[in-house]
Ligand code: UGA
């Protein structure tokens, strides 16, 4: 099958590469010519385990093509995936300008039937807008060409995107035309062999499914963070509570890890966008607003604890920070708790010495060269001359620590652990102050 993908960001590049790897001929289109040139040579602009190898293999086998030419991209595939970004606009709604501009491009160049697929996370009702944009442009061209628009939301997680693509729990497709089902079945056939994963439904339900899934997961996390704040105040240990409630299969163990707040490009943006959508239809989404508020408070809690450990005086202090990415196995720092922490440290007159296995270049890109930010080559270099340590991301490399050595290195022997990596007794036995999340003496 010949498939075109618009947008070589996370979703577009993973989708295009995996579909090519499954045997389809795929052309990825992007307006960023430097990125496209790089991709043609196997240079993947994001860190995603397994992706670069797959890109290289499929480019070499000429199943994965890249272009900046919209006419070539439109004529290539019967299937036209829209996987461009939907950044939040000023009021938190998803900005659809890129999605609608791709719809316009498709309609401008199409000469025969096309199935247009919304892959980006877009608000309920977007497929109707994409369809209207195509109809309008075709009318302006004074041509009558058939097309369909369907919704096929993506459920990939950064850091395990390639694996998620082939082993995802479901493939949701929202459509309103009998032409869509056979085409989408053919597209996903390689991933639908062992069990039926395709779920066909109406378009608006498919669009809402994406937001509901992310909002539900974000709700689980904020709920658990709320419980952790209660545990700190009640002298309970949230790690015991987590095991206790997760063992009930109706609740389950996943996404109930308390921490320093959820980040990334999806949960914060999607919870906000769904709350905006609710607002647009005059519904007060009280739960969604609370999920976001709890998360903001949780992100701020790292600094609150740090400040407490240093008796409220950050002026001239150096804070070691382990982990900059919003989660392990990615270099993505969008909405990362580390950013809220570092910005608060700087605002209070402190300095940061940080290490992350993947996200240091990204950190430099965001904050540039500044006197109060040092990025070190090795994890333990952050500790030299540091007053306290804050852990923001649960990278595997942070789990093994010589606490006695660490005790000697830090001026104020305090660890603020936003990810509950250690046994509090072990840390405290080495003479360190230990502020974790929802555990005894962490307040
Ligand atoms: C999320 C969803 O998990 C994907 O299914 C979805 O496709 C994707 O958004 C998207 O909409 O594109 P992602 O943002 O890559 O994926 O990251 P997650 O692994 O879900 O983690 C999100 C945040 O929640 C991280 O900051 C993580 O630290 C936090 N988290 C996760 C917790 O604090 N506790 C948990 O128990 C789980």
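The values are calculated or read from the model by the stated rules, or taken from the named source; none is laboratory data. Because the structure is predicted, anything quoted here is derived from the model rather than measured. Heads up, the Cβs are rebuilt from the backbone with ideal geometry, glycines too, and the neighbour counts pull from every protein chain shown.
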**Request:** For segment 68-91, enumerate the residues that are surrounded by fewer than 18 Cβ atoms within 10 Å (Cβ to Cβ) and either in a loop (DSSP other than H, G, I, E, B) or touching a strand residue (DSSP E or B) at 6+ places or on another chain (Cβ under 6 Å) (or both).
**Result:** 68, 69, 78, 85, 87, 89, 90, 91
**Request:** Please list, ordered by first then second residue, the pairs with beta carbon atoms under 6 Å, 6 or more apart or interchain, first in segment 265-283 and farther than 15 Å from residue 210 by Cα and in the same structural domain as residue 157 (by TED's automatic domain parsing), second away from the ligand (no atom under 11 Å from the Cβ) and part of a helix (DSSP H, G or I).
**Result:** none
**Odd one out for residue 375, checked against (1) within 25 Å of residue 258 (Cα to Cα); (2) surrounded by 19 or more Cβ atoms within 10 Å (Cβ to Cβ)** = (1)
**Fill in**
Condition set assigned to a helix (DSSP H, G or I) and under 17 Å from residue 236 (Cβ atoms), scope segment 418-443, selection farthest from the ligand (Cβ to nearest atom): answer is 425
**Message:** For the structure I just gave you, tell me whether residue 200 is touching a residue at least 24 places away in the same chain (Cβ under 8 Å), within 11 Å of the ligand (Cβ to nearest atom) and touching a strand residue (DSSP E or B) at 6+ places or on another chain (Cβ under 9 Å).
**Reply:** no
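Suppose the filter is assigned to a helix (DSSP H, G or I) and within 16 Å of the ligand (Cβ to nearest atom); does residue 301 pass it? Break it down stepwise before answering.
Details: assigned to a helix (DSSP H, G or I): yes; within 16 Å of the ligand (Cβ to nearest atom): yes.
Against the criterion (assigned to a helix (DSSP H, G or I) and within 16 Å of the ligand (Cβ to nearest atom)), residue 301 qualifies.
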**Exclusive hit being in contact with a strand residue (DSSP E or B) (Cβ under 7 Å, 6 or more places away or on another chain) and closer than 26 Å to residue 231 by Cβ, set 418, 431** = 418
**Request:** Pull up segment 185-202, narrow it to residues that are in contact with a helix residue (DSSP H, G or I) (Cβ under 9 Å, 6 or more places away or on another chain) and part of a helix (DSSP H, G or I), then point me to the one that is surrounded by the most Cβ atoms within 10 Å (Cβ to Cβ).
**Result:** 187
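For (1) part of a loop (DSSP other than H, G, I, E, B); (2) outside the structural domain of residue 255 (by TED's automatic domain parsing); (3) without any contact (Cβ under 8 Å) to a residue 40 or more places away in the chain, each residue gets a yes or a no:
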| position | (1), (2), (3) |
| --- | --- |
| 364 | no, no, yes |
| 371 | yes, no, yes |
| 389 | no, no, no |
| 404 | no, no, yes |
**Request:** For residue 182, work out the one condition from (1) touching a residue at least 12 places away in the same chain (Cβ under 8 Å); (2) part of a helix (DSSP H, G or I); (3) away from the ligand (no atom under 15 Å from the Cβ) it doesn't fulfil.
**Result:** (1)
**Asked** With respect to the numbered conditions (1) closer than 15 Å to residue 165 by Cα; (2) free of Cβ contacts under 8 Å to residues at least 60 places away in the same chain, which one is the sole condition not fulfilled by residue 58?
**Response** (1)
**Message:** Here is a list: 376, 412. Which entry is at negative phi and without any contact (Cβ under 8 Å) to a residue 40 or more places away in the chain?
**Reply:** 376
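For every residue, the table says whether it meets (1) buried (at least 21 other Cβ atoms within 10 Å of the Cβ); (2) at pLDDT 95 or above; (3) farther than 25 Å from residue 161 by Cα; (4) in contact with a strand residue (DSSP E or B) (Cβ under 8 Å, 6 or more places away or on another chain).
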{"position": "322", "(1), (2), (3), (4)": "yes, yes, no, yes"}
{"position": "343", "(1), (2), (3), (4)": "no, yes, yes, no"}
{"position": "348", "(1), (2), (3), (4)": "no, yes, yes, no"}
{"position": "356", "(1), (2), (3), (4)": "yes, yes, no, yes"}
{"position": "367", "(1), (2), (3), (4)": "no, yes, yes, yes"}
{"position": "370", "(1), (2), (3), (4)": "no, yes, yes, no"}
{"position": "381", "(1), (2), (3), (4)": "no, yes, yes, yes"}
{"position": "396", "(1), (2), (3), (4)": "no, yes, no, no"}
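Residues that are within 11 Å of the ligand (Cβ to nearest atom): which helices (runs of 4 or more DSSP H) entirely in segment 203-298 hold 3 or more of them? Steps first, please.
Values: elements: 203-234, 238-246, 267-280.
Counting at least 3 such residues, we get 203-234, 267-280.
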**Message:** Tell me yes or no: at least one residue of segment 78-86 is touching a helix residue (DSSP H, G or I) at 6+ places or on another chain (Cβ under 9 Å) and at pLDDT below 95.
**Reply:** yes
**Asked** For segment 151-168, which residues satisfy the criterion of being out of contact with any strand residue (DSSP E or B) (no Cβ under 8 Å at 6 or more places or on another chain) and more than 7 Å from the ligand (Cβ to nearest atom)?
**Response** 160, 161, 162, 163, 164, 165, 166, 167, 168
